[in-house]
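Here the structure is laid out as structure tokens; the discussion comes afterwards.
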Amino acid sequence: MNTVKKILKIREMTSFLFLIALFTGVGMVNSSFLSPTSLLNCFNDSVVFTLLAVGIAFVILTGEIDVSIGAILGLSAAVTSTLLRNGSSWAVAFLAGVMVGVVTGVINGFGVAVLNIPSLIFTLGTMGLFRGMIYVYTGGAWVENLPAPFTMLSKAKLVGDLTAFYAVVLAFVILAHYILTKTRRGKYFIAVGDNAAGATLIGIPTVNTKFVSYVLCGVFSAVAGIIYSSRIGFITPTAGNGYEMKAIAACVLGGISLTGGLGSLIGASIGAVIMSSVSRILVFLGFSSDYDNTITGILLIVIVVVDAVSQNRAAVKNRHMRLAARAQSKKGDDQK
């Protein structure tokens, strides 16, 4: 019984159980949803959101936010796709796309970590900047006629209907989770988000940690943009628009606290599967996919409210426990 209680206290376990309950509920309404192919497609379709959610998870764990990831995805996708369409090698195109993530991450990291500008305000500004750069770079036109081998890459299967893209991304998420939770430098991200001042006092480089989190977020977003290009087959100037909200919702749904210092990358990846499955679930339930953003917004609001209430209750409980301990200690001193 104690083991079960400990498992249930793990934040990402709640997300996993919600995922199972959600899929089971939809399957009870439409049994076709529970077919192996349909379930695997839910995971395959989440590959872009998984990368975005895991990338921004590094930032959120440090107590900051980045609302420019959708624009970074679009810019990386536009650069990569344009180079491929114009005959550049895959290596050059992919490197250019990743460098978009590095440069944009450095800009965000410098503004937030070094200049100490509020992350929401700064990344809101860079979101407009990066989105504008997409229009300038593409001239407002679609990037089409991508090489067939590149677009077919996203359809490559590893085992059964499981795509190679999702298998590789999943393996990478597990590796990143291990580094974050088992290595000394990996634990810096959670320590900074939990208590930045305290982390600085014990020698953790707070500024550098936040800076690195934005660079990692930019790289993950850029790689998501490359995969997005392969999956969609064409790029519009609005590519990735609104994806930041779903990525943030995926993190919160996966048990990552928006105040930082709490959560895991595994939870973020589970949340990404849930958020990316909303459109598919609506179709199986007979609703229009136009409700997608509405449901995403409702989920985000509900999750944030529940998380805030839970944290407030935990804070009150801890305060009462400390007061009780002090009172007991004082009582013991008086008896002496």
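The values are calculated or read from the model by the stated rules, or taken from the named source; none is laboratory data. All of these numbers come straight from a predicted model, not from anything done at the bench. Cβ sites come from the backbone with ideal geometry, for glycine too, and all protein chains shown count toward neighbours. With ligands, DNA and RNA removed, areas are computed over all heavy atoms of the protein, side chains included. Shrake-Rupley method; radii C 1.70, N 1.55, O 1.52, S 1.80 Å.
Counting pairs of Cα atoms in segment 140-282, how many percent are more than 18 Å apart? Looking at segment 140-282, the distances longer than 18 Å represent 66 percent of pairs. Close amide H contacts of residue 157 (hydrogens built in the peptide plane, cut-off under 5 Å, sequence separation of 5 or more or a different chain): 164. Here the chain is treated with +1 on each Lys and Arg Cβ and -1 on each Asp and Glu Cβ, and its dipole about the Cα centre works out to around 1320 debye. Taking the longest Cα principal axis of the chain as reference, the axis of helix 206-232 is set at about 40 degrees. Here r is the Cβ-Cβ distance between residue 289 and residue 201 and R0 is 56 Å; the resulting FRET efficiency, rounded to 0.05, is 0.65. In segment 20-170, Cα pairs under 8 Å separated by at least six residues give a relative contact order of 29 percent.
Normalising the Debye intensity of segment 114-153 to I(0), with uniform scatterers on Cα atoms only, and taking log10 at q = 0.23 Å⁻¹ returns -0.78. Lysine pair count for the chain with Cα-Cα distance under 23 Å and sequence separation of 8 or more or different chains is 12.
Only one residue of 134, 13, 195 has its Cα farthest out toward the positive end of the dipole of the chain, where Lys and Arg carry +1 and Asp and Glu -1 on Cβ, and that residue is 195.
The mean sequence separation of alpha-carbon pairs under 8 Å and at least six residues apart, normalised by the residue count of the chain, gives a relative contact order of 32 percent. If the Kirkwood radius is taken over C-alpha pairs of the chain, then at 37 °C and 0.692 mPa s the Stokes-Einstein diffusion coefficient equals 155 µm²/s.
Can you figure out the FRET efficiency of residue 171 with residue 309, using R₀ = 35 Å and their beta-carbon distance, to the nearest 0.05?
Working: r = 36 Å, r/R0 = 1.03.
Efficiency for this residue pair is about 0.45.
Of the solvent-accessible surface of the chain, computed with a 1.4 Å probe over protein heavy atoms with every protein chain present, carbon and sulfur atoms account for 67 percent. Working from label points 7 Å from Cα in the Cα-to-Cβ sense, the residue 208 to residue 91 distance is 3.2 nm. Going by alpha carbons, how many degrees (0 to 90, nearest 10) lie between the helix axis of 265-276 and the longest principal axis of the chain? So the inclination is approximately 50 degrees.
May I ask for the angle, rounded to the nearest 10°, between helix 47-61 and the longest principal axis of the chain, with both axes built from Cα atoms and the value confined to 0 to 90°? It works out to around 40 degrees. The listed residues 38, 89, 279 rank as 89, 279, 38 when sorted by accessible area, largest first, using a 1.4 Å probe.
Dividing the helix sum by the residues of the chain, where each DSSP H run of 4 or more adds -39500 (n - 2.57), gives a mean residue ellipticity at 222 nm of -24500 deg cm²/dmol.
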